[in-house]
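A.B. asks: Attaching a single structure in structure tokens format; questions to follow.
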Amino acid sequence: MSGLKLCTLVSGSSANCTYVESEGCGLLIDAGAGIRRTEALLQSVDSSLSKVRGIFITHEHSDHISGLKTILKKHRIPILANEKTLYEISLAYPEISPDLFCTLPTGGDAKNDFFSVSSFPCMHDSAECAGYVIDTPHGKVGIATDLGQVTDEVRTALSGCKALVFEANHDADMLRNGPYPFPLKQRIAGPCGHLSNQQSGDALTELVREGAERVFLAHLSRENNTESLCLCTVENILRRNGIACGKDVSVSVAPRNERSEVFEI
């Protein structure tokens, strides 16, 4: 049996999916890619959808749920989310069997023999966005990929996680000077939008001091960010705060269209 394994399968404005495995038992956080792509990506880490015991959904936006329809045609995997999110999924995909829906209230947890998954609220313009912390015998990992601000609840939930999949969506200057219409710019930069690179770096400074050893910067905007700018901004903030990247913490950008590196314990 393996220990703890974490990687992003896809990450960005088009599709999002993160894989966590503990002792050979897997779960997905979001399902933004179809079954063929998801299965191929899982095979690259010696896994498969047959190992997945649950799909935890952060919120109902299409880049987080568009793979559910094809995945659930072949695999009867429970979908876990809060009531409002499950309702929105049922509207988007009425063909999904209701008996696959398992309500996990925001702030609640779900457990089996291999991990405990707890949810926490995220400020994002959806029905009721949530992040997740997966607690295993080998340590905790946290996922927070859509949030306009880092609240005390987010900080508390992610404190002590060994690894994080954490949003760094946009560069503030690129967004401000970019082609998006002004209302969309306001939405993205607002308290229920997405985190900037600067906001991400500021939050991660605290979270690294509280135990994070591995960080995947996630959900980058195609139009308002670049991988190099994102990584440079976050690492510079960490260094200015006395955190040695590569020694105190390892930071990388979650790729948009392919699997990330694998964090293993």
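A.B. asks: Just a yes or no: is a residue in the range 51-58 farther than 20 Å from residue 218 by Cβ and hydroxyl-bearing (Ser, Thr, Tyr)?
C.D. replies: No, the range 51-58 contains no residue that is farther than 20 Å from residue 218 by Cβ and hydroxyl-bearing (Ser, Thr, Tyr).
A.B. asks: With the structure loaded, tell me whether residue 180 is among the aromatic types (Phe, Trp, Tyr), in contact (Cβ under 8 Å) with a residue 40 or more places away in the chain and surrounded by fewer than 19 Cβ atoms within 10 Å (Cβ to Cβ) or whether it fails that test.
C.D. replies: Against the criterion (among the aromatic types (Phe, Trp, Tyr), in contact (Cβ under 8 Å) with a residue 40 or more places away in the chain and surrounded by fewer than 19 Cβ atoms within 10 Å (Cβ to Cβ)), residue 180 qualifies.
A.B. asks: Can you name every residue in the range 34-69 that is in a helix (DSSP H, G or I), more than 18 Å from residue 128 (Cα to Cα) and of a type outside the set (A, V, I, L, M, F, W, C)?
C.D. replies: Hits for the range 34-69 are 36, 37, 38, 39, 43, 50, 51, 69.
A.B. asks: Same structure, new question: Are there any pairs, at least 6 apart or on different chains, whose C-beta atoms fall under 8 Å, with the first in the range 71-94 and under 22 Å from residue 37 (Cβ atoms) and the second in a helix (DSSP H, G or I) and basic (Lys, Arg), and if so, which?
C.D. replies: Partner pairs satisfying both residue conditions: 93/69.
A.B. asks: With respect to residue 145, determine if the residue is touching a residue at least 60 places away in the same chain (Cβ under 8 Å), of a type in the set (S, T, N, Q) and closer than 16 Å to residue 16 by Cβ.
C.D. replies: Yes, satisfied.
A.B. asks: Could I ask something else about it? So residue 51 ticks every box in (1) surrounded by fewer than 24 Cβ atoms within 10 Å (Cβ to Cβ); (2) within 16 Å of the chain's Cα centre (by Cα); (3) of a type in the set (D, E, K, R) but one. Which box is left unticked?
C.D. replies: It fails just one condition, (2).
A.B. asks: Restricting to the range 1-23, count the residues that are touching a residue at least 60 places away in the same chain (Cβ under 8 Å) and under 18 Å from residue 264 (Cβ atoms).
C.D. replies: 12
A.B. asks: Would you kindly identify the strands (runs of 3 or more DSSP E) lying entirely within the range 91-168 that contain at least 1 residues that are β-branched (Val, Ile, Thr) and surrounded by fewer than 20 Cβ atoms within 10 Å (Cβ to Cβ)?
C.D. replies: 101-103
A.B. asks: On to the next question. Name, by its number, the condition in (1) in contact with a Leu (Cβ under 6 Å, 6 or more places away or on another chain); (2) in contact (Cβ under 8 Å) with a residue 40 or more places away in the chain that does not hold for residue 27.
C.D. replies: (1)
Throughout, read-outs are computed from the coordinates displayed, never taken from laboratory work. In this text the structure is predicted, and so the values were computed from the model without any measurement. Counting neighbours? That spans all protein chains shown, and the Cβs are built from the backbone with ideal geometry, glycine included.
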